[in-house]
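These notes concern the structure reproduced below.
Bear in mind that the values in this text are calculations on the coordinates, not laboratory data. Quick caveat, the model's predicted, so the values are computed rather than measured. Ideal geometry is used to build each Cβ from the backbone, glycine not excepted, and the neighbour counts take in all protein chains shown.
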Amino acid sequence: MFAMLRSGQVPVGSFGGSCGNAPVLSFRATRQNWRRVFIVMRTQKEGNHAPQMDPLRFARLAAEEQLRQASGFFQVMSTRRTVRSFSPEPVPFELIETAIKAATTAPSGANQQPWRFVVVSNPEVKRQMREAAEAEEKEFYHRRAPREWLEALQPLGTDWHKPFLEIAPYLIVIFRLDYGLSRDAEGQEIKTKHYYVMESVGIAAGILLTALHMAGLATLTHTPSPMGFLGKILNRPKNEKPYLLIPAGYPSADAAVPRISKRPLAEVLEVVS
Ligand SMILES: Cc1cc2nc3c(=O)[nH]c(=O)nc-3n(C[C@H](O)[C@H](O)[C@H](O)COP(=O)(O)O)c2cc1C
């Protein structure tokens, strides 16, 4: 493989594909700035066009072990609930960090991993987040929310008060990166398109919630509406958009959850055989 780089350009990523025996062009360019078009040309000489591959690490389980693990996982997951009442009891940061590490194993479009996780434990920052979230939520519940939305929320008993944002020891904010942002050697901005961002970040968020649950912690999947204030308070770059706000910790001793149920499998599963 050889790359043609203009002096001063920094390769930060590329995409491309093969097409028979033809050379492959990989490119990333912004419309606004063709000056910074970045071209990588791969020759199709034998042995140097294929991506590097590793043997898959895969442990084949005995059939009964497969079912045991699948059932055990279902049992554990069926005890996960959204918690809105937290204890201020501290949580080892390592638990949060390890759960985020698990989330980063998620599949993502073109392996672009278009996520950032910001963990907040600072009381003053949490206070600011609560204040901003409650201001938005007050508007939402009193003015912005359509009647149908409020009706859908009614069984959950939620309102604009968000004390858990100050009480939970950790607030994990997931940001989605709709595009990558870097700078070339001259300090010019380089944007890289990201693919399937919503799907990718959703999967990572699901793994995070699962990992925190498996670590014996309670979580709330929170989406104060709208969430723009999170980027400002946490001083995030312009390509990061708030995706979810997840308070995590131990539930309060008197935590209660709405009596709701999951749809039966027969309603949500169709088998085509
Ligand atoms: C994308 C998403 C956004 C949510 N936003 C909120 C929220 O802003 N506030 C809240 O109290 N719960 C929120 N929830 C939690 C849901 O209300 C909860 O998952 C649902 O009622 C089912 O309850 P369970 O998680 O205990 O099974 C959200 C859940 C999801 C998946």
Past 31 Å, Cα to Cα: identify those pairs from 138/241; 238/262; 101/138; 193/232; 191/262, in the order given. 238/262; 101/138; 191/262
Ranked by how many other beta carbons lie within 10 Å on average, peptides 84-91, 254-261 from highest: 84-91, 254-261
Given charges of +1 on the Cβ of Lys and Arg and -1 on the Cβ of Asp and Glu, with all other atoms neutral, how large is the dipole of region 81-257 about its Cα centre, in debye to the nearest 20? 260 debye
Region 54-139: mean projected area of Cα convex hull, nm²: 10.0 nm²
Set the Förster radius R0 to 22 Å, insert the Cβ-Cβ distance between residue 232 and residue 193 as r into 1/(1 + (r/R0)^6), and round the FRET efficiency to 0.05. 0.30
Residue 203-residue 139 pseudo-label distance in nm [points 7 Å out on the Cα-to-Cβ vector]: 3.5 nm
